[in-house]
1. Pairwise over distinct Cα atoms, reciprocal of the mean inverse distance: report the Kirkwood radius of the range 392-453 in Å, one decimal place.
2. At 0.36 nm per residue, and after removing the present C-alpha to C-alpha distance, how many nm does the segment from residue 256 to residue 135 gain when stretched out fully?
3. Calculate, in nm to one decimal, what residue 348 and residue 279 gain on full extension: separation in residues at 0.36 nm each, minus their alpha carbon distance.
4. With respect to the cross-link table entries 168/255; 114/255; 169/204; 169/289; 368/407, which display a Cα-Cα separation exceeding 30 Å?
5. So, in nm, how far is label residue 268 from label residue 205 when the simple model puts each one 7 Å beyond its Cα toward the Cβ?
6. Short version: ³J(HN,Hα) in whole Hz for each residue of the range 229-239, in order, from phi by Karplus 6.51 cos²θ - 1.76 cosθ + 1.60 (θ = phi - 60°), x for Gly and Pro, what are they?
7. Leaving out ligands, DNA and RNA, what percent of the accessible area of the chain is carbon and sulfur, probe 1.4 Å?
8. Using a 1.4 Å probe and ignoring any ligands, DNA or RNA, find the accessible area of residue 113 and quote it in Å² to the nearest 10.
Amino acid sequence: MFEVVIGLEVHVQLNTKTKLFCSCPTSFNHKQNTNTCPTCLALPGALPVLNKEVLHKSVMLGTAIGATVNRTSYFDRKSYFYPDSPSAYQITQLYTPVVEYGTLQIDFEDGSHKIIRVNRAHIEADAGKNIHDGDISKVDLNRAGTPLLEIVSEPDMRSADEAILYVKKLHSIVRYLDISDANMQEGSFRVDVNVSIRPKGDEKLYTRVEIKNINSFRFIQKAIEIEVSRQTEAWEDGVYDEEISQETRLFDQAKQETRSMRGKEEAADYRYFPEPDLLKVVVDDAMFKKYSQIPELPDEKRERFVTEYGMNEYNAGVITSSLEMAHYFEAMMAEGITAKNATTWLTVELQGRLSGGLSIENAPVDAKTLGTLVKRIEDQTISGKAAKEVLDYLMDNDTDVDGVIEKLGLKQVSDTGAIEKMVDEILAANPDKVEQYRGGKDKLFGFFVGQTMKASKGSANPQTVNEILKSKLS
Ligand SMILES: [Zn+2]
(Lines give C-alpha, C1' and ligand atoms only; values in the text may rest on other atoms or scores of the structure.)
Protein backbone atom coordinates (compact mmCIF):
# COMPACT_ATOMS: atom_id res chain seq x y z
CA MET A 1 0.00 0.00 0.00
CA PHE A 2 1.20 3.48 -0.87
CA GLU A 3 0.78 6.81 0.80
CA VAL A 4 0.46 10.00 -1.25
CA VAL A 5 2.52 13.01 -0.19
CA ILE A 6 1.45 16.41 -1.48
CA GLY A 7 2.82 19.90 -0.95
CA LEU A 8 1.42 23.00 -2.63
CA GLU A 9 2.85 26.27 -3.83
CA VAL A 10 0.27 28.94 -4.54
CA HIS A 11 1.09 32.17 -6.36
CA VAL A 12 -1.36 34.85 -5.34
CA GLN A 13 -1.38 38.00 -7.40
CA LEU A 14 -1.90 40.85 -4.96
CA ASN A 15 -4.55 43.40 -5.92
CA THR A 16 -2.48 46.53 -5.43
CA LYS A 17 -3.11 49.49 -7.73
CA THR A 18 0.50 49.67 -8.82
CA LYS A 19 3.30 47.20 -9.45
CA LEU A 20 5.76 45.85 -6.89
CA PHE A 21 8.69 48.17 -7.61
CA CYS A 22 7.32 50.96 -9.81
CA SER A 23 4.18 53.08 -10.20
CA CYS A 24 2.84 51.37 -13.34
CA PRO A 25 -0.80 50.24 -13.00
CA THR A 26 -1.42 46.53 -12.45
CA SER A 27 -4.45 46.24 -14.75
CA PHE A 28 -3.99 44.03 -17.79
CA ASN A 29 -6.80 45.09 -20.05
CA HIS A 30 -4.66 47.75 -21.60
CA LYS A 31 -2.88 47.65 -24.95
CA GLN A 32 0.17 45.43 -24.81
CA ASN A 33 3.36 46.94 -23.36
CA THR A 34 1.71 50.22 -22.36
CA ASN A 35 1.76 49.69 -18.58
CA THR A 36 5.53 49.74 -18.48
CA CYS A 37 8.33 52.05 -17.43
CA PRO A 38 12.14 51.91 -17.27
CA THR A 39 11.98 49.97 -13.97
CA CYS A 40 9.71 47.13 -15.06
CA LEU A 41 11.39 47.07 -18.48
CA ALA A 42 14.72 46.70 -16.61
CA LEU A 43 16.42 49.51 -18.46
CA PRO A 44 19.92 50.31 -17.20
CA GLY A 45 20.00 52.75 -14.31
CA ALA A 46 16.36 52.36 -13.25
CA LEU A 47 16.02 51.41 -9.59
CA PRO A 48 13.21 49.49 -7.86
CA VAL A 49 11.34 50.97 -4.88
CA LEU A 50 9.14 48.69 -2.76
CA ASN A 51 5.39 49.28 -2.87
CA LYS A 52 4.34 49.41 0.84
CA GLU A 53 0.86 48.10 0.00
CA VAL A 54 2.46 44.79 -0.96
CA LEU A 55 4.05 44.53 2.45
CA HIS A 56 0.74 45.44 4.10
CA LYS A 57 -1.14 42.66 2.29
CA SER A 58 1.62 40.14 2.99
CA VAL A 59 1.48 40.86 6.71
CA MET A 60 -2.32 40.47 6.63
CA LEU A 61 -1.93 37.00 5.14
CA GLY A 62 0.75 36.13 7.71
CA THR A 63 -1.55 37.23 10.53
CA ALA A 64 -4.48 35.27 9.10
CA ILE A 65 -2.52 31.99 9.12
CA GLY A 66 -1.01 32.62 12.56
CA ALA A 67 2.48 32.85 11.10
CA THR A 68 5.62 34.62 12.19
CA VAL A 69 5.94 37.98 10.46
CA ASN A 70 9.66 38.66 10.09
CA ARG A 71 10.20 42.27 11.12
CA THR A 72 13.20 42.30 8.81
CA SER A 73 13.27 40.40 5.55
CA TYR A 74 15.32 40.65 2.38
CA PHE A 75 15.02 40.43 -1.36
CA ASP A 76 17.14 38.10 -3.46
CA ARG A 77 17.87 37.77 -7.12
CA LYS A 78 16.94 34.57 -8.92
CA SER A 79 18.68 34.38 -12.27
CA TYR A 80 17.02 32.85 -15.25
CA PHE A 81 16.89 33.71 -18.87
CA TYR A 82 13.49 33.76 -20.48
CA PRO A 83 12.00 36.23 -22.98
CA ASP A 84 9.21 37.39 -20.65
CA SER A 85 11.71 38.57 -18.03
CA PRO A 86 13.56 41.61 -19.40
CA SER A 87 16.04 41.74 -16.49
CA ALA A 88 16.98 38.05 -16.88
CA TYR A 89 16.39 37.65 -13.16
CA GLN A 90 13.44 37.68 -10.82
CA ILE A 91 13.38 39.59 -7.55
CA THR A 92 12.11 37.23 -4.84
CA GLN A 93 12.79 36.33 -1.19
CA LEU A 94 14.77 33.13 -0.75
CA TYR A 95 16.75 33.33 2.48
CA THR A 96 14.48 35.40 4.75
CA PRO A 97 10.87 35.67 3.56
CA VAL A 98 8.43 38.14 5.07
CA VAL A 99 6.20 35.37 6.49
CA GLU A 100 7.17 31.98 7.95
CA TYR A 101 5.66 29.05 9.84
CA GLY A 102 1.92 29.41 9.74
CA THR A 103 -0.89 26.88 9.75
CA LEU A 104 -4.13 26.41 7.91
CA GLN A 105 -7.00 24.22 9.08
CA ILE A 106 -8.88 22.07 6.59
CA ASP A 107 -12.36 20.79 7.41
CA PHE A 108 -13.74 17.41 6.38
CA GLU A 109 -17.38 16.71 5.66
CA ASP A 110 -17.69 14.50 8.78
CA GLY A 111 -16.82 17.48 10.96
CA SER A 112 -13.20 16.52 11.62
CA HIS A 113 -10.28 18.86 10.94
CA LYS A 114 -6.62 18.66 10.04
CA ILE A 115 -3.87 21.24 10.40
CA ILE A 116 -1.63 21.82 7.38
CA ARG A 117 1.62 23.62 8.07
CA VAL A 118 2.56 26.56 5.87
CA ASN A 119 6.33 26.82 5.57
CA ARG A 120 6.52 30.37 4.22
CA ALA A 121 5.04 33.16 2.17
CA HIS A 122 7.38 35.39 0.22
CA ILE A 123 7.03 38.41 -2.03
CA GLU A 124 8.17 38.24 -5.63
CA ALA A 125 7.74 39.96 -8.96
CA ASP A 126 5.75 38.34 -11.73
CA ALA A 127 7.09 37.95 -15.26
CA GLY A 128 5.47 39.24 -18.45
CA LYS A 129 3.62 37.04 -20.89
CA ASN A 130 4.73 35.29 -24.04
CA ILE A 131 2.08 35.24 -26.71
CA HIS A 132 2.53 32.56 -29.35
CA ASP A 133 0.85 33.37 -32.61
CA GLY A 134 1.58 30.83 -35.33
CA ASP A 135 5.29 31.04 -36.14
CA ILE A 136 5.71 34.30 -34.28
CA SER A 137 6.15 34.76 -30.56
CA LYS A 138 5.52 38.12 -28.96
CA VAL A 139 6.17 39.44 -25.49
CA ASP A 140 3.75 41.56 -23.47
CA LEU A 141 5.33 43.15 -20.40
CA ASN A 142 2.21 44.69 -18.86
CA ARG A 143 2.29 41.97 -16.20
CA ALA A 144 6.06 42.21 -15.61
CA GLY A 145 6.73 43.40 -12.09
CA THR A 146 3.24 42.86 -10.68
CA PRO A 147 3.36 41.67 -7.07
CA LEU A 148 2.96 38.01 -6.16
CA LEU A 149 2.82 36.38 -2.76
CA GLU A 150 4.00 32.78 -3.05
CA ILE A 151 2.57 30.65 -0.26
CA VAL A 152 4.37 27.34 0.26
CA SER A 153 2.90 24.52 2.32
CA GLU A 154 4.75 21.65 4.00
CA PRO A 155 4.14 18.26 2.33
CA ASP A 156 1.35 17.54 4.82
CA MET A 157 -1.47 16.50 2.52
CA ARG A 158 -2.17 12.81 1.94
CA SER A 159 -4.78 12.81 -0.82
CA ALA A 160 -6.12 14.89 -3.71
CA ASP A 161 -9.17 15.66 -1.54
CA GLU A 162 -7.01 17.15 1.22
CA ALA A 163 -5.13 19.21 -1.36
CA ILE A 164 -8.39 20.61 -2.72
CA LEU A 165 -9.64 21.45 0.78
CA TYR A 166 -6.38 23.30 1.42
CA VAL A 167 -6.51 25.24 -1.85
CA LYS A 168 -10.16 26.16 -1.29
CA LYS A 169 -9.52 27.31 2.26
CA LEU A 170 -6.54 29.40 1.20
CA HIS A 171 -8.56 30.84 -1.68
CA SER A 172 -11.34 31.79 0.68
CA ILE A 173 -8.94 33.41 3.20
CA VAL A 174 -7.35 35.47 0.44
CA ARG A 175 -10.79 36.65 -0.73
CA TYR A 176 -11.89 37.45 2.85
CA LEU A 177 -8.74 39.52 3.35
CA ASP A 178 -9.35 41.15 -0.02
CA ILE A 179 -5.65 40.97 -0.88
CA SER A 180 -6.27 39.43 -4.33
CA ASP A 181 -9.19 38.87 -6.67
CA ALA A 182 -7.92 35.26 -6.69
CA ASN A 183 -9.42 34.61 -10.10
CA MET A 184 -8.03 31.22 -11.14
CA GLN A 185 -9.00 31.46 -14.81
CA GLU A 186 -7.25 34.79 -15.17
CA GLY A 187 -4.15 33.56 -13.38
CA SER A 188 -4.31 35.59 -10.20
CA PHE A 189 -4.36 32.41 -8.08
CA ARG A 190 -1.99 29.81 -9.59
CA VAL A 191 -1.36 26.45 -8.03
CA ASP A 192 1.74 24.25 -8.40
CA VAL A 193 1.42 20.77 -6.94
CA ASN A 194 4.32 18.66 -5.65
CA VAL A 195 3.44 14.98 -5.62
CA SER A 196 5.29 11.89 -4.49
CA ILE A 197 4.34 8.47 -3.17
CA ARG A 198 5.91 6.19 -0.56
CA PRO A 199 5.14 2.82 1.00
CA LYS A 200 2.78 3.32 3.93
CA GLY A 201 4.69 3.68 7.17
CA ASP A 202 7.82 4.94 5.46
CA GLU A 203 8.97 8.32 6.81
CA LYS A 204 11.32 9.12 3.97
CA LEU A 205 10.27 11.43 1.13
CA TYR A 206 10.72 9.99 -2.35
CA THR A 207 11.18 11.74 -5.67
CA ARG A 208 8.72 14.58 -6.03
CA VAL A 209 7.25 15.72 -9.29
CA GLU A 210 5.98 19.27 -9.68
CA ILE A 211 2.87 19.92 -11.77
CA LYS A 212 2.69 23.59 -12.68
CA ASN A 213 0.02 26.23 -13.20
CA ILE A 214 -3.22 24.37 -12.79
CA ASN A 215 -6.12 26.77 -13.10
CA SER A 216 -9.16 25.13 -11.55
CA PHE A 217 -10.02 23.11 -8.44
CA ARG A 218 -11.26 20.26 -10.60
CA PHE A 219 -8.06 20.11 -12.65
CA ILE A 220 -5.92 20.08 -9.49
CA GLN A 221 -7.81 17.04 -8.30
CA LYS A 222 -7.53 15.32 -11.68
CA ALA A 223 -3.83 16.16 -12.15
CA ILE A 224 -2.96 14.69 -8.74
CA GLU A 225 -4.95 11.52 -9.34
CA ILE A 226 -3.32 10.97 -12.72
CA GLU A 227 0.20 11.65 -11.43
CA VAL A 228 -0.29 9.36 -8.43
CA SER A 229 -1.37 6.49 -10.64
CA ARG A 230 1.60 7.08 -12.99
CA GLN A 231 4.03 6.88 -10.06
CA THR A 232 2.25 3.90 -8.49
CA GLU A 233 2.30 1.93 -11.73
CA ALA A 234 6.00 2.65 -12.23
CA TRP A 235 6.68 1.39 -8.69
CA GLU A 236 4.61 -1.75 -9.12
CA ASP A 237 6.23 -2.46 -12.48
CA GLY A 238 9.68 -2.14 -10.89
CA VAL A 239 10.69 0.83 -13.06
CA TYR A 240 10.23 3.64 -10.48
CA ASP A 241 13.89 4.70 -10.52
CA GLU A 242 14.03 4.84 -14.31
CA GLU A 243 10.72 6.56 -14.93
CA ILE A 244 10.17 8.89 -12.01
CA SER A 245 12.60 11.76 -11.76
CA GLN A 246 12.50 15.14 -10.07
CA GLU A 247 11.04 17.26 -12.81
CA THR A 248 8.35 19.76 -13.72
CA ARG A 249 5.37 18.37 -15.57
CA LEU A 250 2.38 19.93 -17.26
CA PHE A 251 -1.16 18.71 -16.85
CA ASP A 252 -2.77 18.18 -20.24
CA GLN A 253 -6.44 18.32 -19.56
CA ALA A 254 -7.48 17.27 -23.09
CA LYS A 255 -5.29 14.14 -23.05
CA GLN A 256 -5.81 13.51 -19.32
CA GLU A 257 -2.11 13.05 -18.68
CA THR A 258 0.84 14.83 -17.14
CA ARG A 259 3.87 15.24 -19.34
CA SER A 260 7.43 16.29 -18.85
CA MET A 261 8.12 20.00 -19.30
CA ARG A 262 11.64 20.30 -18.02
CA GLY A 263 14.00 18.79 -15.46
CA LYS A 264 13.58 20.46 -12.09
CA GLU A 265 16.32 22.99 -11.50
CA GLU A 266 18.27 22.85 -8.28
CA ALA A 267 18.57 26.07 -6.30
CA ALA A 268 22.18 26.34 -7.49
CA ASP A 269 21.02 26.64 -11.10
CA TYR A 270 19.39 29.96 -10.26
CA ARG A 271 22.55 31.55 -8.81
CA TYR A 272 20.59 33.24 -6.05
CA PHE A 273 22.23 36.21 -4.34
CA PRO A 274 21.03 39.12 -2.19
CA GLU A 275 19.38 41.82 -4.32
CA PRO A 276 21.81 44.78 -4.31
CA ASP A 277 19.31 47.40 -5.54
CA LEU A 278 16.89 47.12 -2.62
CA LEU A 279 17.14 47.89 1.07
CA LYS A 280 16.16 45.37 3.72
CA VAL A 281 12.40 45.24 4.32
CA VAL A 282 11.49 46.46 7.79
CA VAL A 283 8.10 46.16 9.47
CA ASP A 284 8.32 48.48 12.49
CA ASP A 285 5.91 48.42 15.43
CA ALA A 286 3.57 51.05 14.02
CA MET A 287 3.40 49.28 10.66
CA PHE A 288 2.88 45.91 12.30
CA LYS A 289 0.03 47.25 14.40
CA LYS A 290 -1.68 48.68 11.34
CA TYR A 291 -0.96 45.83 8.90
CA SER A 292 -2.01 43.03 11.24
CA GLN A 293 -5.59 44.31 11.48
CA ILE A 294 -7.67 41.72 9.67
CA PRO A 295 -11.40 41.16 9.18
CA GLU A 296 -13.38 38.13 10.38
CA LEU A 297 -12.01 35.01 8.65
CA PRO A 298 -13.95 32.02 7.24
CA ASP A 299 -13.41 29.76 10.30
CA GLU A 300 -14.50 32.49 12.72
CA LYS A 301 -17.51 33.34 10.59
CA ARG A 302 -18.48 29.67 10.46
CA GLU A 303 -18.34 29.36 14.25
CA ARG A 304 -20.35 32.55 14.62
CA PHE A 305 -23.02 31.23 12.23
CA VAL A 306 -23.21 28.03 14.27
CA THR A 307 -23.81 29.89 17.53
CA GLU A 308 -25.74 32.88 16.23
CA TYR A 309 -28.06 31.10 13.79
CA GLY A 310 -28.01 27.57 15.22
CA MET A 311 -26.72 26.10 11.97
CA ASN A 312 -24.84 22.84 11.74
CA GLU A 313 -21.08 23.06 11.07
CA TYR A 314 -21.38 21.68 7.57
CA ASN A 315 -23.99 24.14 6.27
CA ALA A 316 -22.22 27.00 8.01
CA GLY A 317 -19.01 25.86 6.30
CA VAL A 318 -20.65 25.79 2.86
CA ILE A 319 -22.09 29.28 3.29
CA THR A 320 -18.94 30.85 4.73
CA SER A 321 -16.59 29.27 2.17
CA SER A 322 -17.34 32.26 -0.04
CA LEU A 323 -17.44 35.79 1.29
CA GLU A 324 -20.08 36.81 -1.26
CA MET A 325 -22.32 33.93 -0.22
CA ALA A 326 -21.85 34.74 3.48
CA HIS A 327 -22.80 38.38 2.89
CA TYR A 328 -25.82 37.37 0.85
CA PHE A 329 -26.91 34.92 3.53
CA GLU A 330 -26.68 37.47 6.33
CA ALA A 331 -28.68 39.99 4.31
CA MET A 332 -31.38 37.33 3.83
CA MET A 333 -31.38 36.59 7.57
CA ALA A 334 -32.05 40.28 8.22
CA GLU A 335 -35.56 39.61 6.89
CA GLY A 336 -36.22 37.53 10.01
CA ILE A 337 -36.31 34.05 8.47
CA THR A 338 -34.94 30.70 9.64
CA ALA A 339 -31.35 29.74 8.81
CA LYS A 340 -32.52 26.40 7.43
CA ASN A 341 -34.78 27.99 4.81
CA ALA A 342 -32.25 30.72 4.03
CA THR A 343 -29.61 28.05 3.38
CA THR A 344 -31.83 25.98 1.10
CA TRP A 345 -33.17 28.91 -0.88
CA LEU A 346 -29.69 30.32 -1.34
CA THR A 347 -27.66 27.19 -2.07
CA VAL A 348 -30.27 25.11 -3.88
CA GLU A 349 -32.94 27.33 -5.40
CA LEU A 350 -31.00 30.49 -6.23
CA GLN A 351 -27.68 28.86 -7.11
CA GLY A 352 -29.48 26.23 -9.16
CA ARG A 353 -30.92 29.05 -11.27
CA LEU A 354 -27.60 30.83 -11.80
CA SER A 355 -25.86 29.77 -14.95
CA GLY A 356 -23.75 31.18 -17.74
CA GLY A 357 -21.11 32.70 -15.49
CA LEU A 358 -23.61 34.39 -13.19
CA SER A 359 -22.44 34.45 -9.61
CA ILE A 360 -24.02 35.45 -6.31
CA GLU A 361 -22.68 39.01 -6.56
CA ASN A 362 -24.48 39.70 -9.83
CA ALA A 363 -27.53 37.48 -9.31
CA PRO A 364 -30.66 39.14 -10.71
CA VAL A 365 -32.43 38.55 -7.39
CA ASP A 366 -30.84 40.34 -4.45
CA ALA A 367 -30.67 39.05 -0.88
CA LYS A 368 -33.46 41.26 0.46
CA THR A 369 -35.83 40.06 -2.27
CA LEU A 370 -35.01 36.39 -1.75
CA GLY A 371 -35.29 36.86 2.02
CA THR A 372 -38.74 38.39 1.57
CA LEU A 373 -39.80 35.48 -0.62
CA VAL A 374 -38.75 32.99 2.08
CA LYS A 375 -40.58 35.11 4.63
CA ARG A 376 -43.77 34.67 2.57
CA ILE A 377 -43.40 30.89 2.79
CA GLU A 378 -42.81 31.06 6.52
CA ASP A 379 -45.83 33.30 7.17
CA GLN A 380 -47.87 30.92 4.98
CA THR A 381 -48.75 33.49 2.34
CA ILE A 382 -47.57 31.06 -0.34
CA SER A 383 -46.55 27.43 -0.52
CA GLY A 384 -42.98 26.33 -1.14
CA LYS A 385 -44.00 25.13 -4.56
CA ALA A 386 -45.56 28.46 -5.47
CA ALA A 387 -42.45 30.23 -4.17
CA LYS A 388 -40.37 28.42 -6.79
CA GLU A 389 -42.65 29.82 -9.46
CA VAL A 390 -42.33 33.29 -7.97
CA LEU A 391 -38.54 32.96 -7.96
CA ASP A 392 -38.51 31.92 -11.63
CA TYR A 393 -40.48 35.06 -12.40
CA LEU A 394 -38.26 37.25 -10.24
CA MET A 395 -35.14 35.94 -12.01
CA ASP A 396 -36.26 37.47 -15.31
CA ASN A 397 -38.67 40.22 -14.56
CA ASP A 398 -39.22 41.83 -11.26
CA THR A 399 -38.10 42.63 -7.76
CA ASP A 400 -41.43 43.11 -5.99
CA VAL A 401 -42.18 39.80 -4.25
CA ASP A 402 -45.68 40.65 -3.04
CA GLY A 403 -46.61 42.19 -6.37
CA VAL A 404 -45.52 39.04 -8.22
CA ILE A 405 -47.42 36.76 -5.82
CA GLU A 406 -50.50 38.88 -6.50
CA LYS A 407 -49.93 39.00 -10.24
CA LEU A 408 -49.43 35.24 -10.56
CA GLY A 409 -52.40 34.54 -8.28
CA LEU A 410 -50.35 32.31 -6.01
CA LYS A 411 -51.54 33.56 -2.68
CA GLN A 412 -52.18 30.57 -0.50
CA VAL A 413 -55.70 30.12 0.82
CA SER A 414 -55.59 29.42 4.55
CA ASP A 415 -59.10 30.72 5.04
CA THR A 416 -60.85 27.63 6.45
CA GLY A 417 -64.27 28.69 5.19
CA ALA A 418 -63.12 28.75 1.56
CA ILE A 419 -61.30 25.42 1.85
CA GLU A 420 -64.23 23.82 3.67
CA LYS A 421 -66.48 24.82 0.79
CA MET A 422 -64.16 23.17 -1.75
CA VAL A 423 -63.90 20.02 0.37
CA ASP A 424 -67.68 19.77 0.67
CA GLU A 425 -68.04 20.01 -3.09
CA ILE A 426 -65.45 17.31 -3.70
CA LEU A 427 -66.96 14.94 -1.15
CA ALA A 428 -70.40 15.52 -2.63
CA ALA A 429 -69.12 14.80 -6.13
CA ASN A 430 -67.49 11.49 -5.07
CA PRO A 431 -69.93 9.64 -2.80
CA ASP A 432 -68.63 6.19 -3.85
CA LYS A 433 -65.04 7.07 -2.89
CA VAL A 434 -66.17 8.55 0.43
CA GLU A 435 -67.92 5.29 1.18
CA GLN A 436 -64.87 3.21 0.23
CA TYR A 437 -62.66 5.40 2.41
CA ARG A 438 -64.93 5.06 5.39
CA GLY A 439 -64.96 1.30 4.69
CA GLY A 440 -61.21 1.18 5.31
CA LYS A 441 -59.55 2.15 2.03
CA ASP A 442 -57.15 4.65 3.67
CA LYS A 443 -55.16 5.24 0.51
CA LEU A 444 -58.03 7.33 -0.88
CA PHE A 445 -57.11 10.15 1.51
CA GLY A 446 -54.41 11.21 -0.95
CA PHE A 447 -57.02 11.37 -3.70
CA PHE A 448 -59.15 13.83 -1.72
CA VAL A 449 -56.13 15.99 -0.89
CA GLY A 450 -55.14 15.99 -4.56
CA GLN A 451 -58.64 16.97 -5.69
CA THR A 452 -58.84 19.81 -3.20
CA MET A 453 -55.44 21.14 -4.16
CA LYS A 454 -56.46 20.93 -7.80
CA ALA A 455 -59.73 22.75 -7.15
CA SER A 456 -57.79 25.53 -5.44
CA LYS A 457 -55.29 25.63 -8.32
CA GLY A 458 -52.56 24.70 -5.86
CA SER A 459 -53.18 27.68 -3.63
CA ALA A 460 -54.79 25.95 -0.64
CA ASN A 461 -52.62 25.58 2.43
CA PRO A 462 -51.96 21.80 2.42
CA GLN A 463 -51.93 21.59 6.20
CA THR A 464 -55.35 23.21 6.47
CA VAL A 465 -56.67 20.91 3.70
CA ASN A 466 -55.46 17.88 5.63
CA GLU A 467 -57.09 18.97 8.86
CA ILE A 468 -60.44 19.77 7.26
CA LEU A 469 -60.53 16.53 5.27
CA LYS A 470 -59.70 14.48 8.36
CA SER A 471 -62.51 16.01 10.38
CA LYS A 472 -65.08 15.74 7.54
CA LEU A 473 -64.24 12.14 6.67
CA SER A 474 -64.10 10.74 10.17
ZN1 LIG B 1 6.84 50.05 -14.42
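1. Values: mean 1/r = 0.0705 Å⁻¹.
That comes to 14.2 Å for the range 392-453.
2. On the way: separation 121, 0.36 × 121 = 43.56 nm, distance 2.67 nm.
40.9 nm is the gain from fully extending residue 256 to residue 135.
3. Numbers: separation 69, 0.36 × 69 = 24.84 nm, distance 5.28 nm.
Gain on stretching residue 348 to residue 279: 19.6 nm.
4. Numbers: 168/255 25 Å; 114/255 33 Å; 169/204 28 Å; 169/289 25 Å; 368/407 20 Å.
Distance filter (> 30 Å) returns 114/255.
5. Reported label-point gap for residue 268 and residue 205 is 1.9 nm.
6. Once rounded to whole Hz, the list reads 6, 4, 5, 5, 4, 4, 5, 5, 7, x, 10.
7. 50
8. Ignoring ligands and nucleic acids, residue 113 comes out at about 90 Å².
The values are calculated or read from the model by the stated rules, or taken from the named source; none is laboratory data. For clarity, every value in this text was computed on a predicted model and none was experimentally measured. When we count neighbours, we look across all protein chains shown, and the Cβ atoms used for this are built from the backbone with ideal geometry, even at glycine. We work out accessible area using only protein heavy atoms, side chains counted, and drop any ligands, DNA or RNA first. Shrake-Rupley method; radii C 1.70, N 1.55, O 1.52, S 1.80 Å.
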